[in-house]
Structures are given as C-alpha cells and as structure tokens.
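Just below is one structure, and these are the notes that go with it.
The values are calculated or read from the model by the stated rules, or taken from the named source; none is laboratory data. Just so it is clear, the structure is predicted and the values come from calculations on it, not from any experiment. Because the Cβ atoms are built from the backbone with ideal geometry, glycine has one as well, and the counts that use them run over all protein chains shown. With ligands, DNA and RNA removed, areas are computed over all heavy atoms of the protein, side chains included. Shrake-Rupley method; radii C 1.70, N 1.55, O 1.52, S 1.80 Å.
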Amino acid sequence: MRFWLRTEEMALEEMVQRLNAVSRHTDEIMHQDIVPLCAADIQDQLKKRFAYLSGGRGQDGSPVITFPDYPAFSEIPDKEFQNVMTYLTGIPSLQDAGIGFILLIDRRRDKWTSVKASVLRIAASFPANLQLVLVLRPTGFFQRTLSDIAFKFNRDDFKMKVPVIMLSSVPDLHGYIDKSQLTEDLGGTLDYCHSRWLCQRTAIESFALMVKQTAQMLQSFGTELAETELPNDVQSTSSVLCAHMEKKDKAKEDLWLALKEGHNILESLREPQAEGSEPGVNQDQLDNQATVQRLLAQLNETEAAFDEFWAKHQQKLEQCLQLRHFEQGFREVKAVLDTVSQKIATFTDIGNSLAHVEHLLRDLASFEERSSVAVERAQALSLDGEQLIENKHYAVDSIHPKCQELRHLCDQFSAEIARRRGLLSKSLELHHRLETSMKWCDEGIYLLASQPVDKCQSQDGAEAALQEIEKFLETGTENKIQELSTIYKEYESILNQDLMEHVRKVFQKQASMEEVFHRRQASLKKLAARQTRPVQPVAPRPEALAKSPCPSPGIRRGSENCSSEGVLRRGPYRRAKSEMSESRQSRGSAGEEEESLAILRRHVMSELLDTERAYVEELLCVLEGYAAEMDNPLMAHLLSTGLHSKKDVLFGNMEEIYHFHNRIFLRELENYTACPELVGRCFLERMEDFQIYEKYCQNKPRSESLWRQCSDCPFFQECQRKLDHKLSLDSYLLKPVQRITKYQLLLKEMLKYSKNCEGAEDLQEALSSILGILKAVNDSMHLIAITGYDGNLGDLGKLLMQGSFSVWTDHKRGHTKVKELARFKPMQRHLFLHEKAVLFCKKREENGEGYEKAPSYSYKQSLNMAAVGITENVKGDAKKFEIWYNAREEVYIVQAPTPEIKAAWVNEIRKVLTSQLQACREASQHRALEQSHSLPLPAPTSTSPSRGNPRNIKKLEERKTDPLSLEGYGSSAPLSKPPEKGKGWSKTSHSLEAPEDDGGWSSAEEQINSSDAEEDGGVGPKKLVLGKYTVVADHEKGGPDALVVRSGDVVELVQEGDEGLWYVRDSTTGKEGWVPASSLSVHLGQSSSAQCLSSSESSPGSAVLSNSSSCSEGGQAPFNLQA
C-alpha cells in the first residue's frame, strides 16, 4: 500500500512537471515571457493600422515594419503607440528579431514637419533593434524641396544608431527591399490583408491560451484525483470510479476540442498555399504555421502526460475496487464458513441404530453438498486473491493473509467433515455388527421355535435338530460379538454411555440366546444318545396282575393283546414311560420357544413405550418452545408480518394430539408393560381418537406453505437456539405424520411374535384399523384437493376408494342408442367412490415442492349410487369393467391400471350395492311386518315344504337385520330335510333356466319386491332368483342329505333352507342335496352376457340382480349370493 501511494505521488509529480513545461513552452512560443501582450488586448489599436508587420523581409532577413501614411499619427497616444510597437516587435522569431528591424515610413502625402516628428517619435520609442530606417519623402515639389533643405540643415536631429535614408520615390525603395517583400501600395507583390492578419493572430493566441489552460486544468484535475481518499466499500469505490471516469471523459473532450481547434487554425493558415493564388508564402505566415504546430505538439504532450497519469490512477481505482470486492467476498464467505463450522460442530450425534447412522451419514453428505458451494466460493476467492498478487496489486500485504485464512478455513472444513465421516463410518460399522448379532440371535430364536418337538423325540430327529443347532452355532464366529473389552477398545472414539449400554444389552441378549441353545443342545444330545432296548416276550405272571388294582392303559392294552395271543409283553410299558419322558422334554422345548418369543414381545413393547415417551416430549417441546413463544410479547419484534395470527395454521391441532397422547394413550400403554401381547386392545379402545390425525394431515399443506414463506424469520432461529435443537421446526412438524405411520410397523412386529397368544386377534384388528386410518388420511388428502364441486362432499358419505383410471363413455337416450363423446383415446379420470355417489374428476399437473407437489382434481360429474349398476367383466380386457347409470342410459367403461385394482374396486362397489339391496329388503320386510300385524293374513299358498313353517318364519324374522349373514352355519349343523317331490319350485311355475335369447334373468322378469309379497299373502319367505348357479368352493362334508360338489360344477336351485343352506340339483348327475349358499354363484348362460348388480329400481324399496348384454361371453362373476 505504501509503495502504491509513493508511486501515485510520483506519477502526479511527473504529470505536474510535464504540464508545467507545456505551459512554459507555450509562453515561450508566443513570447509571452518577453512580451505579455495579446492581439485581443490591443485589438482596437491594431485595427488603426498606423503600423503593421506585413511579413516582408530585407535582404538579410530583417523583418520589415511598415508605417503607412496615417494623417492622425501624431494624435496617437504614446501608450497605444508603445503597445503596438512592443506587440509587433514580439511577433517575429528571436533569431529574426536579433538581426534588427527595418522601418519603412511612408510619408509621401504628408508634410515635412510631420515626417520629422514621426521619425523622431519612432526612433525615440522603438523597443527593439533597428537595422535601417527608410523614409519615403513627401512627393509635392514644395514639400520635397523643403525636406531636402531641412534634412541637410537638421541632420543632427536625425542622428540615430541606424542610418535614416530619405527616399524620393518607390523605385528607390526597391533598391533596398525586394519588390516581393513589399506590399502592393509600395509597388511590391506581397499579399497582405491587415484584417486577415489580425484574425489569424487572434486565433493563434487564443489557441495558445487554450493549450495553456488545458494543461493547467488537467494538472488541477490530476491533483484532485490523486488527493481523493479511497472508500472502504464496493459501492462507494464504484461510485468514485464512475465519477472519475466521467470527469476524465469531460477533460478528454475539452482536450480533443483544443486539438480540433489547433488543426483548424493550421488548415486556415495553409489555405493560401493550397489555393495557389500566390507562388510563395511570406515568412510571417510560415512562422504562424510553425507556431501552431508547436502549440499542437505541446497539446499532444499534455494529452500524453495526462493519459499516463490516468492509466496509473485508473489502475489504482480498479485495483481498489478489486480489493473491495475481494474484501466483501471474504467477509461473506468467512461468515458462511463460520456458520458452517458452527453447524458442523453440532454434528455430535453418532446414532443409536443402523438406520439412524445411515440417516446421519446422508445428512452429513447433504450438508457437505450444501456447504460445498461456500467452500468452492472460498477456494475461488483465494485463487482470485492470488491472481491479484501475481498482477502486482498494491495491497498485497492485505490480500495475502486473507488468502491464507480462506485456505485454512477450507482445509479445516474438509478435515472436520472427514473426521465426522470417519466417526460415523466407525459407528456404522459398530451398529452393523450389533445388527448382525441381533439378527443372528433372532434367527437362532426362530430356529429353536421352528424345530418340531414331536420329531425331536426320535433319535434321528434329535440328531437332525442337533446338527442344525451346531451348524447355526458355527455361524456365530462371523456374526456374534466375541468380547466386550475388544469392542470397547476398538470403538472407544465413538462410545458414549447410551451406546455402551446398547452394546451391553446386545451382548447380554447374545449370551442369553447362546445359553438357551446350549440347553437345547444338551437335551438333544441326551435324546440322540438314547438307545432302544430290544423287546423280549416274557411269560405272564398272574400274581403280578392281581397285585395291580389299577393298571396303566398300556398294561391294560397289553393284557388284552396278551389274552388273545397268549403272551404278555413288557415293551408297551417301557414305551409309555419313554413317551411320558419325551412329553416332558417337548413341553420344555416349547417353553423355551415361548420364552424367546416373550423376550421379543417385551423388546417391541419397550420400543413402543420409549418412542411414545420421546414423541410426547418432542410435541411438548414444540408447543412450549415455538407455539407459546408466538404469544410472548418479548418475542413479538422477531415475528414477521406473515406469521401474525397464523399459529393455528402453522401447528394445526398439534396441541390436541399432545393432550391425547400425554394424558390418555401413553398412560394406557404403560398398563400393558407386563402383557405386551394384549396391547392391541389399547389401540382398539382408542381407535376413534386417532381420527385427530386426519385433521392434522389435512392442514399440513397449509402449514408447509406458511413455513416456506417464513422459514428465514429470526423468531424461529431464536427459538431453535433457545431449545438447542439441531433440526429446524419443519422437522418437528413432521413428527405426527411419522408417528401415525410408525404404529402399524410396531403392531406388525408385535403380531409376528404373538401368533398363538391370547391377544393375536386384537393385534390383527388393531393393525387393520391403523392401516384403515392411514388410508383414510391418504384419501382425505386427495379429497381436499377437489375443486369445482358445488355441493358438500360430506353429504356423499364416507370416502371408500380413490384412484386414476382410463374412461370411455357409451351413452344412449330413449330407444335410440347413440355414442356421445365416443373416442378411441380414453379420458383420464380420477374416481372417488363414496357411499352415496361416485365422482369423476380430472387430475391436474403436479407442481411446487413438498405437500404443494400433491395433485389437484377438477370436478367433472358424479353418479348417485342409488341409480348405479356395474358390469364386472368387459370382453377383451381383464382390467375393464362398466359402471352404468339409470338402466344403462349412461355407460362408463373403466380401465384400471391392474386387474388387482379392478377387482378391489368391483368388490367395493359390490359391497355398496349389496348394502343398499339389504337396506331395501329390510325396509320392505319392516313394512310387511307392520301390515301383517294390522291386516288379516290370508292362508298362504305354500310352494315348498318350508313355506308357512313357523320355524322358518321365526328364522326369517331373526335374519331380517342381516339378510346376507351366514351366522350359525357350520359343518356340524343338521341339514334341512329335502323337499318332498312336487312341492319345490318346478319348471312349469318358475323356469330354472334363463332363456338363451334373453341372456339370463333381468329386472323385467323377476323382481325381489317385498311389497308384492305382502299383497300375495304376508310374511312368508322372500322369493329367490331361480336358475342355475356355479359352485365356487368345494363341499364334501355334511350330513347324509348333503350334496358333494366341486368348484366349477353347475347346479339348479330347488329350495332355500335354514342355516344358510340351499337345496340344489346337480345338472350333470341329477343328484339333489343341501349345499351352503356361500359356495354358489349365479351361473352365466352361453349367450354374451355377464353378471351385473344394481340397486336402482323403477319402484322404491327394490333391488335387481340381472345379466347385462354388454359383457364378455360366458364370463363368471365372482359375486356370491348369500341370501
């Protein structure tokens, strides 16, 4: 810096010296140092033309000053005369002036007295050297004679240092001065115009003044630039540089104008020579040109001096700006690197599980990737600084330490990242070994549990089981932890109290498992080493039999056999004793297996409780550390405007979730510590409370959007600092979503170890319920994304399913079938199946981040489920099915992504339609029952043995609440008596086969309408859809009247019985018998039809089971009739 300042001073001094020289040389050129007069100063005096410098020269080059005939010469003031003489004598060069001037006094028209006075005045006041004075005497005879006489008598008055020659005529003058050096009025040829000469002299002198002023201006400007104090910030330095650039450009513009003016003057001086009007140019004109050229040279010198100074000054300013940019970048990068160093200092966690360590490694890699931008910028900035040093920047002593510090920070960051990665890699290695050991222990427990106890009682079975155990124990060398001291020493750098405890527990579990294995191994060795003794016949001893009042079953059986064979064997007794011993050993092995599973259940329960307590603490921490602080007046100044009154949006119903878990659920979970297999009951009892998570998840998109807008708010940073949290608030806002998904994993784990326990069914039901809640939450997230629906989605009932499908339309109106909107390319629609309607929506493109990336759905149309029917199979594609509306007035062909999705949707729609059918039947039966109590019943005409049977009526009434239920049916239940011949449904009264041309039963042929049954005779059994049915499940067991059928057989329905049994006839063999109704499905005829189900009827309270003519040929519908 000091070197640069010295250089700056030297550059300024050099420029000042050069510009001072320009000013001095300009004065010398213009003789301003000798004659400080300018034509502009005495312009009026020069215009009188009582004396002029024509440019003529004498024979020796003496300048000629002409005094023309001027009548008022004597009236000219001395001051003016002196100024003119001084100015004129200062114009020629010093060399010419040194020779001396020739004065040419023209007094041809004057009087002698005037001539004498003029000569004497000129001689007395002429300021320069004189070489010769030539006087043209008056031309009048009297005056000429008088002048001759007077000059002879007054010669002494004209005594001068130079001769005075009186000339009588112009030709005499030519003897002293050549005609080419004389003007036309003196008989010469010299071209002279006094006004032009005066203009040229004024222009030259003005230009000289401009040159001098320009040099002085640049000198002052350079001094101002050099004395400007350099700013300390980028913006001010840029402003100074711009301001100096503007001033420099203005100065250069003035300089260029001066140069242009000089060249114009030079061109004007050269014009006579260029035009060729005269063969030659007088010396004064040449001197003027030389003067202008010298002035231009001085002006060029001025420009060069200033340019050299400006180049150094501009370099200084640019280097200053580079320095300020470097310093600003250094401050920014250092601040970022300091923040990075602070953050990496918080990466102290080494993980508590393999997944946690992997997560920490991913976080570290992500952090390193994010921080790499700052590190790369620091490295680039360091390279920029080194480049500045190489370019000989003036602030090397300031740049070099900063470059070193940047390199040090980058190296420190890389070293710390490497150290952290090394620790985490070490932790990953340890956790991997622990996981491997735990997995080995689990596999060992599963191995013990999977060994059948009965097979281990034989010698071969025991040896095989022993080999399995020994083979498994051999794998322990690679999988188990050998020595705790070795582990502690090897992983000393990462072991903390918690991790050491974890290692100890794993080692303890490993030791316990090995102990169980050794006990099992010892038992199996005893069984394998047992030798079977040969069985020898022994003669019976009657007294022995008499002494045994209560013989064992083996002896009794032996006695009986002996009585028939005549020999008593001792073998059965020994076998019975051996079996009792093996039974005890079997019970011991089973106990070991159950003990292992109990350990696993306790482990899962411990994890459930530990994570639940941690979850409650985290919620409390967020509510107290963030939510409560939003209402703290001392923190109000840190809140951004976008957060005011937005606490409910940001946190949703987290407080409600916290109170539920803290006050209720956690306490109830702790009650199941001793019996973890029963924890499913706790979930089932509180399943309705878990619905609060649906509200939280629905608010999550709004919460995340608000967080993204205000995440940089100082309020959150301050709260995070106070709580000493490593993660920001958004990570904790995600905890409830993560927790509700964690439960199903823990329940699955508990169920896996509780298959044969008392609470297995509760665990399975709790798992299904939790999965249902997760599905409902997921569906609701899609449901809230529907736009354009005018009604209330809550009025449509529960959302059952949702998904994306390809949809074709095929509509008809009246009796004419037309295809509206028929298209080869399907419409992409997202369907929402509710209990009361199905909605068709168009899925919009996803955009944004996080929850904003969720799709949105534009509502297109909806179908009321009361008027909907389905066709389960569409010819040509196993993934298609039909949804039709208002008796196929509108038909929608729906293609699912997979056949499994199609089956799930068809089953769910079938359930909805079946439930509507059941509701219709219940309503009809209820009305029929009311009418039966209010109206006299006519005698029923029984068409089957069961019609009018009080027992059947009672059974029917019991099943009115659930006409599709199969409760009470079992393989051991007694079968109904077969119908008597001629008393069942006959083909004459009700056709058992659907006509081939009609494609099966339709709503026009047979309707299940309870109101018709009431009119016909009261409360007898409801009518059934007669026809053929396909067996969908094998039926072999039953009473003597049961019919053995196989899946795929076709039967004809004859009569409905009790307990969910139907009396049917096998179409192939003609045999008749009872089969479960749940094993039958409506048989499809050979026509192109398939089963369809609809709850839409022309009259209320009815339901239709029909076959659609738009289905695949001969396809089998999976809908089971259980009525």
>> For the structure I just gave you, tell me whether Pro855 is touching a residue at least 40 places away in the same chain (Cβ under 8 Å) and within 38 Å of the chain's Cα centre (by Cα).
In response: yes
> Are any residues in segment 322-335 of a type in the set (Gly, Ala, Ser) and without any contact (Cβ under 8 Å) to a residue 24 or more places away in the chain, and if so, which ones?
Replying inline: Ala335
> Restricting attention to segment 336-356, which residues are open to solvent by 40 Å² or more (accessible area, probe 1.4 Å) and either in a helix (DSSP H, G or I) or free of Cβ contacts under 8 Å to residues at least 60 places away in the same chain (or both)?
Replying inline: Val336, Asp338, Thr339, Ser341, Gln342, Lys343, Ala345, Thr348, Ala355, His356
> What helices (runs of 4 or more DSSP H), lying completely within segment 675-745, carry at least 3 residues that are more than 21 Å from the chain's Cα centre (by Cα)?
Replying inline: 679-685, 692-710, 714-723
> Can you pull out the residues in segment 357-369 that are without any contact (Cβ under 8 Å) to a residue 40 or more places away in the chain and touching a helix residue (DSSP H, G or I) at 6+ places or on another chain (Cβ under 9 Å)?
Replying inline: Ala365, Phe367
> Taking segment 475-501 only, how many residues are open to solvent by 50 Å² or more (accessible area, probe 1.4 Å) and in a loop (DSSP other than H, G, I, E, B)?
Replying inline: 7
> What number of residues in segment 688-702 are in contact (Cβ under 8 Å) with a residue 60 or more places away in the chain and not aromatic (Phe, Trp, Tyr)?
Replying inline: 6
>> Can you find a residue that is open to solvent by 40 Å² or more (accessible area, probe 1.4 Å) and modelled with pLDDT of 90 or more anywhere in segment 632-643?
In response: no
> Mind checking which residues of segment 292-312 are crowded, with 21+ Cβ neighbours inside 10 Å and under 30 Å from Leu383 (Cβ atoms)?
Replying inline: Trp310
>> Quick check on segment 866-876. Is at least one of its residues out of contact with any helix residue (DSSP H, G or I) (no Cβ under 8 Å at 6 or more places or on another chain), closer than 12 Å to Phe805 by Cα and open to solvent by less than 10 Å² (accessible area, probe 1.4 Å)?
In response: no
> With (1) under 29 Å from Ser180 (Cβ atoms); (2) in contact (Cβ under 8 Å) with a residue 40 or more places away in the chain; (3) open to solvent by 10 Å² or more (accessible area, probe 1.4 Å) as the list, and Gly56 as the residue in question, which single condition is left unmet?
Replying inline: (3)
> Given (1) open to solvent by less than 10 Å² (accessible area, probe 1.4 Å); (2) modelled with pLDDT under 80; (3) not in a loop (DSSP other than H, G, I, E, B), where does Gly1073 come up short, assuming only one miss?
Replying inline: (2)
> So is Leu597 surrounded by 14 or more Cβ atoms within 10 Å (Cβ to Cβ) and at pLDDT 85 or above or not?
Replying inline: no
> Residues in segment 470-494 that are within 16 Å of Tyr446 (Cα to Cα) and out of contact with any helix residue (DSSP H, G or I) (no Cβ under 9 Å at 6 or more places or on another chain): how many?
Replying inline: 1
>> Which of the numbered conditions does Val373 fail, given that it passes all the others? Conditions: (1) in contact (Cβ under 8 Å) with a residue 40 or more places away in the chain; (2) surrounded by fewer than 15 Cβ atoms within 10 Å (Cβ to Cβ).
In response: (1)
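Residue-by-condition table, conditions (1) surrounded by 17 or more Cβ atoms within 10 Å (Cβ to Cβ); (2) of a type in the set (A, V, I, L, M):
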{"site": "Asp411", "(1), (2)": "no, no"}
{"site": "Ile417", "(1), (2)": "yes, yes"}
{"site": "Ser425", "(1), (2)": "no, no"}
{"site": "Leu428", "(1), (2)": "yes, yes"}
{"site": "Arg433", "(1), (2)": "yes, no"}
{"site": "Ser437", "(1), (2)": "yes, no"}
{"site": "Ile445", "(1), (2)": "yes, yes"}
{"site": "Ser450", "(1), (2)": "no, no"}
> Which of the residues that make up segment 154-196 are of a type in the set (Asp, Glu), assigned to a loop (DSSP other than H, G, I, E, B) and at pLDDT below 85?
Replying inline: Asp191
> Looking only at segment 452-471, which residues are in a helix (DSSP H, G or I) and open to solvent by less than 80 Å² (accessible area, probe 1.4 Å)?
Replying inline: Cys456, Gln457, Gln459, Gly461, Ala462, Glu463, Ala464, Ala465, Leu466, Ile469, Glu470
>> List the residue pairs whose Cβ atoms are under 8 Å apart, where the first residue sits in segment 470-496 and is over 19 Å from Gln508 (Cβ atoms) and in contact (Cβ under 8 Å) with a residue 12 or more places away in the chain, the second is open to solvent by 40 Å² or more (accessible area, probe 1.4 Å) and not in a loop (DSSP other than H, G, I, E, B), and the two are 6 or more positions apart or on different chains.
In response: Phe472/Glu443; Ser493/Lys426; Ile494/Lys426
> Does segment 348-370 hold any residues that are under 14 Å from Lys426 (Cβ atoms) and among the hydrophobic types (A, V, I, L, M, F, W, C), and which are they?
Replying inline: Ile350, Leu354, Val357, Leu360, Leu361, Leu364
>> Cβ-Cβ distance below 9 Å, separation of 6 or more or different chains: which pairs start in segment 75-102 with a residue that is within 19 Å of Gln285 (Cα to Cα) and open to solvent by 10 Å² or more (accessible area, probe 1.4 Å) and end on one that is assigned to a helix (DSSP H, G or I) and of a type in the set (Lys, Arg)?
In response: Ile91/Arg201
>> Which numbered condition in (1) surrounded by fewer than 17 Cβ atoms within 10 Å (Cβ to Cβ); (2) not in a helix (DSSP H, G or I) is the only one that Thr223 fails?
In response: (2)
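Yes/no per residue for (1) closer than 25 Å to Phe326 by Cα; (2) modelled with pLDDT of 90 or more; (3) not aromatic (Phe, Trp, Tyr):
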position: Glu376; (1), (2), (3): yes, yes, yes
position: Lys392; (1), (2), (3): yes, no, yes
position: Ala395; (1), (2), (3): yes, no, yes
position: Asp411; (1), (2), (3): yes, yes, yes
position: Ser414; (1), (2), (3): yes, yes, yes
position: Arg420; (1), (2), (3): no, yes, yes
> If the Cβ limit is 7 Å and pairs must be 6+ apart or interchain, which residue in segment 180-208 that is at positive phi pairs with which residue that is open to solvent by 30 Å² or more (accessible area, probe 1.4 Å)?
Replying inline: Gly187/His174; Gly187/Lys179
>> Within segment 103-130, take every residue that is open to solvent by 40 Å² or more (accessible area, probe 1.4 Å) and of a type in the set (Lys, Arg) and give me the one that is farthest from the chain's Cα centre (by Cα).
In response: Lys111
> With (1) among the acidic types (Asp, Glu); (2) assigned to a loop (DSSP other than H, G, I, E, B); (3) over 26 Å from Asp191 (Cβ atoms) as the list, and Glu28 as the residue in question, which single condition is left unmet?
Replying inline: (2)
> What do you reckon, is Arg504 surrounded by fewer than 18 Cβ atoms within 10 Å (Cβ to Cβ), at pLDDT below 85 and over 15 Å from Ile599 (Cβ atoms)?
Replying inline: no
